[in-house]
Amino acid sequence: MADKCCLPPHEVFEPVYFHSTDDTSTLMPGVHYFSIEGVISYVGFADDFGPMNIGSIYQFCELMDKELERFSDEKLVLVTSLDCQAITNAVFLLGAYMIMKMNYDLPQTISCFQATLGLAVPYRDVSPGIQNFELFVQDCWGGLWKGKQLGWADFGPAGFDLEEYQHYDNALNADLHEIVPGKFVAMRGPRDLATDSPWEDVLDDEGHFSHRDFSVEHYAEILQQFDV
C-alpha cells in the first residue's frame, strides 16, 4: 500500500499554492484548483514511479502557462492525493516549471519547497528488487537546470518538438531519445529479425505481448534523421 502524506496548502510562488488532500470538503471557494492526475502520468516498468520525462515536463509547463493566463486574478492550487509518490511527481513538475519557465536556479527552487520535500520519496531504478541508490527530486532538478544551462533542454519556440519526442519515446515506434541535441542518442539495441519486417512483437511465456524488437534497418533510417 502506498504511503499517505498529509500536507496543508502552502504558497510555492505567487499566486501558486500546493496542497495534498483526499477530502474535497476542505477546498475553499474562490480559489482555482487543478490537478495533473489523469492528465500527465508516468508509465512504470516495475516498481518505478518516475521521474517524469522531458515530454511530461513540457506538457506541464504548457498546462501551467494556460492556468496562469486563464485565472490571472485568482490563487491557483495544484492539488494531489495523499499518496507520497503522487506528491513527489507533482512537486518535481512544479519545480521543473520554475526552472524552465521562471529561470529559477537550483537553490531558489529548493527553498520554495521546504514544506514538501520532507514528504517526497526517492525515485528508484526500473528494475525490480533491492535498490542500491536513491534518486531525489533535488537531483532531478539539478540535472534539468544543468541541461538548460547547456542548451540541452530548451522550451523556446524552436527548442522542443513534443510530437516528435512522444513518437520516438513510444516503445512501439523506437524507444529512442536524443539526450544531447546533435551529439548523443540513446536507444534500445536493434535485433536480427527472422523476417524482412522492420519490427517484430515478442510474446511472453503465457502468450501475452511483452515488447517490440526493431531491425537494424529500422533504426538506421531514424538515426539518419538525427545525422548520426
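Taking segment 1-66 and the strands (runs of 3 or more DSSP E) fully enclosed by it, the elements with 3 or more residues that are modelled with pLDDT under 90 are at 7-13. With respect to being farther than 17 Å from LEU135 by Cβ and either among the acidic types (Asp, Glu) or surrounded by 15 or more Cβ atoms within 10 Å (Cβ to Cβ) (or both), ASP73 fits the description. Pairing each residue of segment 109-128 that is without any contact (Cβ under 8 Å) to a residue 24 or more places away in the chain with any residue that is surrounded by fewer than 15 Cβ atoms within 10 Å (Cβ to Cβ), provided the two are 6+ apart or on different chains, yields C-beta distances under 7 Å for PRO122/GLU134.
Of all the residues in segment 130-143, those that are closer than 13 Å to VAL91 by Cβ and touching a residue at least 40 places away in the same chain (Cβ under 8 Å) number 3. Selection over segment 102-133 of residues that are assigned to a loop (DSSP other than H, G, I, E, B) and either surrounded by 11 or more Cβ atoms within 10 Å (Cβ to Cβ) or at positive phi (or both) gives a count of 19. Checked against the criterion of being assigned to a loop (DSSP other than H, G, I, E, B), in contact (Cβ under 8 Å) with a residue 12 or more places away in the chain and within 20 Å of PHE60 (Cβ to Cβ), segment 83-101 has no qualifying residue.
The values are calculated or read from the model by the stated rules, or taken from the named source; none is laboratory data. Not measured: the values here are computed from a predicted model. When we count neighbours, we look across all protein chains shown, and the Cβ atoms used for this are built from the backbone with ideal geometry, even at glycine.
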